[in-house]
Amino acid sequence: MSIIENTIHGNTMLLTLNNPTKRNSMVKGFHDEFQSSIKMAEENKDVFSIIITGAGDFFCAGGDLNALKTRRSMTEEQRYETLNQLNGTIEAIYNCSKPVISAIEGGAAGAGVSLAMACDLVVMSEHTFFSLAYVKIGLTPDGAATKFLSETMPRQLLSEMAMIGGKIDSSRLYQIGAVNVLAQKGNAKETAMELSKNFENLPKNSISRIKKLTRSAYGNKFTEQIKLETDFMVQSQGDNESIEGIDSFLEKRSPDYKKLR
């Protein structure tokens, strides 16, 4: 049985974390399969967007505690090696040129929060939660969880999540803007599929550049970001996508970006 199940729905690839008996935790083989799936979606010209969801009633519980228990006997070099597998998964989402949406039922815990927040858009159903309870087992957050969350919430709330380790409800996350859409319970995947339809006729290169801009905006200085915006605008103005977009506007017709993919 595959840990990550890939299915195509129209122009969207649905990646399902497929280990519900362990709440889709990151067991052995998870990262290799996940990164391979993202690469497959990236290389498929008929895939315009990606949705990540979990089988069963929980999105992802993060690291496998049985495996984590063995880390104390590893050398530091070996621990870095295993953590870099997680980092590779998060970076695969972060650096993907296509829009990635997380669809969350039940909740996300530990590195599952990193997986959800690495995505460009987040859909959560009602009465679900995020939990960074590392502190309760004597660990610290990983997978860039504190980086992603710091971009969407005040320090005090991040401190509450990380230092106390309690659950933060999806309605609270939605109110502060960490979640794009709050779906009805049991309807997160379907809601994400509807959201993904927005990308079916949008310009591929433009989307890729915009994703890079939104990723860099939080860390770049003003001069760095305005330079990057200028570079991308220069590239876009010479792209066939902008020719099609401007011509269609002037000709009062709908643009056809699919023919340029």
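What follows is calculated from the coordinates using simple rules that are stated; it is not laboratory data. Note that this is a predicted model, so its numbers are computed, not measured. Don't worry about glycine lacking a Cβ; one is built from the backbone with ideal geometry, like all the others, and counts go over all protein chains shown.
Residue pairs exceeding 27 angstrom between C-alpha atoms, taken from Lys45/Lys227; Lys69/Lys167; Lys98/Lys147: Lys45/Lys227. Arranged by the count of other C-beta atoms within 10 angstrom, fewest first, what order do Glu81, Glu151 take? Listing Glu81, Glu151 from fewest to most nearby Cβ atoms yields Glu81, Glu151. When only the Cβ of Lys, Arg, Asp and Glu is charged (+1, +1, -1, -1), the dipole of the chain relative to its Cα centre reaches about 440 debye.
Comparing mean-square fluctuations of Ser216, Ser114, Ser125 from a GNM of the chain with C-alpha springs under 10 Å, the top value falls on Ser216. Look at the dipole of the stretch 4-199 built from charges on Cβ: of Ser49, Ser159, Gly88, the Cα furthest out on the positive end belongs to Ser159. Mean sequence separation of contacting Cα pairs (under 8 Å, at least six apart), scaled by the length of the stretch 163-261, corresponds to a relative contact order of 26 percent. Ranking Met124, Pro141, Gln175 by Cα position along the charge dipole of the stretch 116-184, where only Lys, Arg, Asp and Glu carry charges on their C-beta atoms, puts Pro141 farthest toward the positive end. Shape class of the stretch 192-261 from the Cα gyration tensor (axes a ≥ b ≥ c, square roots of the eigenvalues): oblate, since a/c reaches 1.5 or more and a/b does not exceed b/c. Electrostatic bookkeeping for Leu139 treats Lys and Arg as +1 and Asp and Glu as -1; over the other residues with beta carbon under 14 Å from its beta carbon, the sum is +3. Positive end of the charge dipole of the stretch 204-260 (Lys, Arg +1 and Asp, Glu -1 on Cβ, about the Cα centre): tell me which of Tyr257, Asn240, Ser216 has its Cα farthest that way. Comparing the listed Cα positions along the dipole, Ser216 ranks first.
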